[in-house]
1. Can you pull out every residue in region A:26-61 that is of a type in the set (A, V, I, L, M, F, W, C) and closer than 20 Å to B:GLU191 by Cα?
2. State whether one or more residues within region A:177-191 are away from chain B (no Cβ under 14 Å), within 16 Å of A:ILE10 (Cβ to Cβ), in contact with a strand residue (DSSP E or B) (Cβ under 9 Å, 6 or more places away or on another chain) and within 16 Å of ligand 1 (Cβ to nearest atom).
3. Within region A:104-126, which residues are more than 8 Å from chain B (Cβ to nearest Cβ) and buried (at least 22 other Cβ atoms within 10 Å of the Cβ)?
4. Looking at region A:75-83, can you tell me whether even one residue there is within 17 Å of the chain's Cα centre (by Cα), modelled with pLDDT of 95 or more and closer than 24 Å to A:VAL210 by Cβ?
5. What number goes with the only condition from (1) in contact with a helix residue (DSSP H, G or I) (Cβ under 7 Å, 6 or more places away or on another chain); (2) within 14 Å of chain A (Cβ to nearest Cβ); (3) touching a residue at least 12 places away in the same chain (Cβ under 8 Å) that B:GLU194 does not pass?
6. Would you list the strands (runs of 3 or more DSSP E) that sit entirely within region A:1-112 and hold 3 or more residues that are more than 16 Å from ligand 2 (Cβ to nearest atom) and touching a residue at least 60 places away in the same chain (Cβ under 8 Å)?
7. Going through region B:181-209 one residue at a time, which ones are out of contact with any Cys (no Cβ under 7 Å at 6 or more places or on another chain), of a type in the set (A, V, I, L, M, F, W, C) and not in a loop (DSSP other than H, G, I, E, B)?
Amino acid sequence: MAWTPDQPLIQIKDVHKSFGAVEVLKGISFDVAKSEVICVIGPSGSGKSTLLRCINALVPIDRGSIMVEGQEVHDPKLDKLALRRKVGMVFQQYNLFPHRTAQQNIMMAPLHVLKQDRHEVEARARRLLKKVRLEGKENAYPGELSGGQQQRVAIARSLAMNPDVMLFDEVTAALDPETVKEVLVTIRELAEEGMTCIIVTHEMGFAREVAGHIYFTDRGVIVEHGPPAEFFVKARDPRTRQFLSQIL
Amino acid sequence: MTPAPRPEQARCDLAVVLPLSPALDPARNGGARWPLFHGYRGLAGIALLILAFALTQAHAQTGPGALSIIATIWKWTPLMASGFVLNVVISFLAMAIGTVLGTFLGLAQISQLRPLRAVSWFVTQFFRNAPWLVLLFYAMLLLPFQLQIGGVAIALPDWLKATFGLSLPVMANMSELVRGAIQSIAYGQWESAESLAFTRWQTLRMVILPQCVKRMLPPWMNLYAILVVGTPLCSIVGVNEAMTLTSNALAAEANHALLVPMYLYLLAWFFLYCYPIARWTVALERRFAIKG
Ligand SMILES: Nc1ncnc2c1ncn2[C@@H]1O[C@H](COP(=O)(O)OP(=O)(O)O)[C@@H](O)[C@H]1O
Ligand SMILES: [Mg+2]
C-alpha cells in the first residue's frame, strides 16, 4: 500500500523504548500530517530527545510502530540511510563539523551521500546560507561563528538534503538569549513555507505562534495535547499546569 | 606551579607518548628561567655543555691527552655517522610500518564486529606491554633470512628484521592512539553525520578521522622520538648501527679514557636529532590548544 500525501507523513503508534531497566517511552502515539508543525514540550528527562532519535532510527525502538511516508522504521530490514535522507535533524549542540567551513558543512552530505553535482550543490549551499541570513560566512569555520550562527548553519546543512520533515531538538537551549530569536525566526520561516516540523522546545511563546498542535510529555507518556489556543488556556492535567506555571 | 593537564594529555593514556613533563617544558616555566632549554640557541648550548663535560672527563683521566681524544673521536665520526644513518633509516621504516598497521589495528578496535574488536584489542595489548628487546629477539629468530615472493627471493638482512621487530610496539601504540583519538571525538559528531545519512565508514573517513589527525600528531611525534632513542637496542641483536659501531671503535682503540667521551658524543647525536622533534611537538600542541 503506497503512501500518499493525504495520509499522515509520520504515524507513531504505541512506541515503547527502554534503556536497560529504565522505560523511557511508554506508549507514545501521534500523527503528523504533511506541512504540519507540532511542538513537543515537557520536563527534561521525559524522553523527548529519545522520541526524535527513534523517528530517524538513531535509536531502535522496542515495541510499536513508526511510519515515515508509509515506511516502517521498526523493521530490521529498514534502509536507515534512505529514511535519514528524508528526515532532517538539528541538535541542541549544533554538532557542526569543526574542521570544515560553513559552506563545506552544508555541501558534504549532498555531495557524498546524494552524489549530486558539485556546482549545483555549491549554488544551493550559497542559497541556503542566504536563506538563514549568513551571507558572507561561507568560508567561516564553526569555531569562528556565534552559537546562533552555528545553529543556523546546522539548519541549512539539514535543509541541503531536501528533507520531507525536520526534527528540532531544543535547538535554542544552548544559545544566548540574544541569539535565540534569529534561530526561531529561521524555523518559523521554514514552517510558513510548508515544511513538516517536529519541534522540541522550551520556548512557549514560539510554540504558541508556530505550532498547529502541542504535545506535553512527562515520564515517557503524552499527558495532554491540543492546538495551542486550547492547550495553553485549558490545560487540565495537574502535571501540565505545574509545568506551564514553572516555565511561563 | 603545577599547570592543569592539557586535554590531549588527559585523553591519552599512553605513558610512553606523554608530552614533555611540565617541569621540563620551558614555555610553562616562563622560558627565561631555563634559557638553555629554549630554542635552537639553547640546543647548541646543551651540545656544547655535553662536549665540554666530555672533555673535562677525558682531561681528568689522561691529563694532557684531551686533544688526542678529540682527534680520535673525530677520526671515528664518519663511521659513527654511517651507523647513525642506519638508526634513522630503521626509525623511519619502523615508524611507517607501525603507523600503517597500527591505524588498521586501531580501527579494528572500534569495529562493530565483536570478534574483530576482541582480537585487535588483544594484539594491541600484547605488543604494547611486551619489552621491545624481547620483540627484537623474536623478530631476529622467527623471520627468515629471505622471503620468497612469486619465485623472487628477497633478502631480509638483520637490520630489516630488527626494523620489523621495532615496528610491532609502534603498531600497538599507534593502535591505542587511533582508538583513543576516535573515542575522544564528541558523540554528537557521529549522530549528526548519521542523521545526514552518512554511512559509518563515510562518517569515519570524512568527519571523525580528520579531526583525529590533529589530536594524534603530537603524541605520534613523541612516539617517534621514543622510537629513535630505542633503535640502539638493535646493537644487542647485532645490527651495525651507531651504538654497535661506537663500541667497535672503542674496542679498536682499546683506551679506557675514550669510553665516557665517545658515548657522550653518541648521546649528543641522538639528543640533537630528538630534541627538535620534542620542541616541535610542544609547539604543535600549543598551537592546537589555541585553535581548538
Ligand atoms: N543512550 C542512552 N542510554 C541510556 N539512557 C539514556 C540514553 N539516552 C537517554 N537516556 C535516558 O532516557 C531518559 C530520557 O532522556 P531524553 O530522551 O534525553 O529526555 P529529554 O530529551 O526529554 O530531556 C533520561 O533519563 C536519560 O538519562
Ligand atoms: Mg533532550
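1. A:LEU51, A:LEU52, A:CYS54, A:ILE55, A:ALA57, A:LEU58, A:VAL59, A:ILE61
2. No, every residue in region A:177-191 fails to be away from chain B (no Cβ under 14 Å), within 16 Å of A:ILE10 (Cβ to Cβ), in contact with a strand residue (DSSP E or B) (Cβ under 9 Å, 6 or more places away or on another chain) and within 16 Å of ligand 1 (Cβ to nearest atom).
3. Within region A:104-126, A:ASN105, A:ILE106, A:MET107, A:PRO110, A:ALA125 meet the criteria.
4. no
5. That leaves (3) as the condition not met.
6. By residue number, A:22-32.
7. Passing the criteria: B:TRP190, B:ALA193, B:TRP201, B:LEU204, B:MET206, B:VAL207, B:ILE208, B:LEU209.
So that you can scan it fast, the table gives a plain yes or no per residue for (1) more than 14 Å from chain B (Cβ to nearest Cβ); (2) more than 16 Å from ligand 2 (Cβ to nearest atom):
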{"residue": "A:ALA160", "(1), (2)": "no, yes"}
{"residue": "A:GLY194", "(1), (2)": "yes, yes"}
{"residue": "A:ALA207", "(1), (2)": "yes, no"}
{"residue": "A:HIS213", "(1), (2)": "yes, yes"}
{"residue": "A:THR240", "(1), (2)": "yes, yes"}
{"residue": "A:PHE243", "(1), (2)": "yes, no"}
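The values are calculated or read from the model by the stated rules, or taken from the named source; none is laboratory data. Just so it is clear, the model here is predicted, and its values are computed rather than measured. For neighbour counting, all protein chains shown are included, and Cβ atoms are generated from backbone atoms with ideal geometry for every residue, glycine included.
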